[in-house]
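Take a look at the structure set out below.
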Amino acid sequence: MTGRTQFKWLAALALVAACAALALPAAGQSSRATWSTPIVLGPGWWQSVAVDVRGTVHVAWYYVAPGTRESDVLFYAFRPLNGEFSVPRDVIYTGEGGYTVRNQVVTTSDGKLHVFYRDGTDHYFAQALIDQADWPIHWSTPQQLDAGYYVTLFADDQDILHAVSSAQGVNLRTQRITGQVVSLESDPCAFCADLIYRRSADNGRNWSQPQNLSNTIEGSEKPSMWQGPSGRLYVLWDEGFDWYIGRGERKSVGIVHSDDHGLTWSEPIFLDGDGRKPFNAAGAELADGSLLIVWRSANDADTNIYYQISTDLGATWTKAAPIGGIKARDVASAVLDDSELVTDMTGITHLFVAAFGDGSSPIDAPGLFHVEFRQNAWRTPQLIYQAEGNYPEWPRAAVGPQNDIHLTWFNRVGDQLQGENRKLYVMYSYRRPTLPNRPTQEFRPTEVPQPTATPVQRFQPTTTPFPTAVPIEQQVNVRTTSDLYAIQTLLSAVFVCLVLCGGVLALRGFRPRR
């Protein structure tokens, strides 16, 4: 073999080795390459996220402001398209006492940011222009809707607002069981919450009458709401247990749907997970109209995370099947947690869940996983975040206009839900766009409400009556000439002079004599 030939072979081998060296890191980074490095937005928890038509990300969360007396506030930060997050600000003060400010933010195409949040134990609605939402003074006067614990808010494709909240004591058990009236003391779920629904078609100025969606004597909590590709609306919740009052027992997942933008709702359908008592459920409508539900069991002995599919709006379901590569946390540490399902603009459904992996990680702590469901199969789970001694919870995601996905969660340092040493941080990561850039959309001009016409009472015109002349009984003929007028004037003057002279003479006649 000549020197030139050897050089060619060595060059070819070097090229192959270089390509292999470049390919190996790419394969090893496939689980994280599509997601940005997680960042901390600020201290707090129970966050919500929304993306407007311009691609701006909006995140709100509960924060306990330090001070002489700790205050419960709603924190807010935003991230413009391809920009950085703003400095978080407390835009709404809700009071004191450690009352959790549960919240949900949504945007509408007219350039407004809406929030449904918990203030003390009451639920309020407020809004602000998106370009002014980071200043407390620009938020509207809060409007109270009801009271309870959980809240969620959704804006559909017609900018109609839909609010769902949990309210305690709506359906007290009054029926007779085994011949005895169930008292509040013996009722296993007295004052357990029901889910109350309202809608507003005029940007939150007016709301419909409250409607009970769950309508059970059991606990109904953790409501979530979404709109499928078909335009159908869904509300999903955990049924049986009410964490806030500590009563009830986990039994099933409840779901209702609406085909007319919330004007009417179906009767609830309850999914019992083949007897496994599911909770921490999330749902999505697939591209073919099927309904996908993901949940975990209330039994600690069963660490699988399951999914089921229905092609007939919940009348029948496939058998519960586990999602490979992830395992559920213990029930006690996940009692307030939840999972999230969102469908992107290409029809791929994404699951976000705090769970343990396949055991290959040296870190003994749950991680935050992303799992894609496409072509009727689950892909390999992707680990987005994991750290020793940290517990990610409450993942919430929103899809942007370029098919980018924005994910938030809060991170609990330590394995205790409560305690003086508990540290809580709101985290953020995003999946980079997968669709070509599009021109930034503008907000639809706000529709100014038209003035209400003032009712004017109209009267039928009537003929105005003219006064009737009173007839004179005797006819008087007066004829005046210039000579007669002169004589009358002269006589009048003479008469006046006589009167004056008579008066003077009378006065002189009464003067006393000296």
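Whole-Hz ³J(HN,Hα) for each residue in segment 203-220, computed from phi via Karplus 6.51 cos²θ - 1.76 cosθ + 1.60 with θ = phi - 60°, x for glycine and proline: what do you get? With coefficients 6.51, -1.76 and 1.60, one gets 6, x, 6, 9, 10, 5, 5, x, 10, 7, 7, 7, 6, 10, 9, 9, x, 10 Hz. Starting from the Cα gyration tensor of segment 247-297, take the square roots of the eigenvalues, sort them a ≥ b ≥ c, and report rounded, prolate or oblate (rounded when a/c is under 1.5, otherwise prolate if a/b is larger than b/c, else oblate). Oblate, since a/c reaches 1.5 and b/c is not below a/b. Scalar couplings 3J(HN,Hα) for segment 396-402, obtained by applying the Karplus form with A = 6.51, B = -1.76, C = 1.60 to θ = phi - 60°, are 9, 9, 9, 9, x, x, 10 Hz; x denotes Gly and Pro.
Just order 98-104, 215-221 by mean Cβ neighbour count inside 10 Å, highest at the front, would you? Don't jump to the answer; show the numbers that get you there.
On the way: 98-104: 20.0, 215-221: 23.6.
Those peptides, ordered most packed to least, come out 215-221, 98-104.
Farthest toward the dipole's positive end in segment 206-254, which of Trp237, Ser208, Trp226, given Cβ charges of +1 (Lys, Arg) and -1 (Asp, Glu) about the Cα centre? Farthest towards the positive pole: Trp226. Under 5 Å between amide hydrogens, built in the peptide plane, is the criterion, and for Asp110 it picks out Arg444 among residues at least 5 positions away or on other chains.
Taking label points 7 Å from Cα along the Cα-to-Cβ direction, Thr303 and Asp358 give a separation of 1.5 nm.
Would you mind checking Lys251/Lys423; Lys112/Lys423; Lys327/Lys423 for any pair whose Cα atoms are more than 27 angstrom apart? Let's see the in-between values first.
Values: Lys251/Lys423 32 Å; Lys112/Lys423 32 Å; Lys327/Lys423 25 Å.
Cα-Cα > 27 Å for Lys251/Lys423; Lys112/Lys423; rest within.
Given a Förster distance of 41 angstrom, what is the FRET efficiency for Gln375 paired with Glu249, based on the Cβ-Cβ distance and rounded to 0.05? Could you put the intermediate results ahead of the total?
Values: r = 38 Å, r/R0 = 0.92.
The formula returns an efficiency of 0.65 here.
Only the Cβ atoms of Lys and Arg (+1) and of Asp and Glu (-1) were treated as charged; on that basis the dipole of segment 59-116 about its Cα centre amounts to roughly 100 debye. Where the alpha-carbon atoms of segment 257-347 are placed on the principal axes, they occupy 41, 31, 25 Å, in descending order.
Each Lys and Arg Cβ is given +1 and each Asp and Glu Cβ -1; about its Cα centre, segment 271-404 then shows a dipole of about 180 debye.
Read the figures in this text as sums done on the coordinates, not as results from a lab. Fair warning: this is a prediction, and the values are worked out from it, not measured in the lab. Note that we place each Cβ from the backbone using ideal geometry, even for glycine, and neighbour counts take in every protein chain shown.
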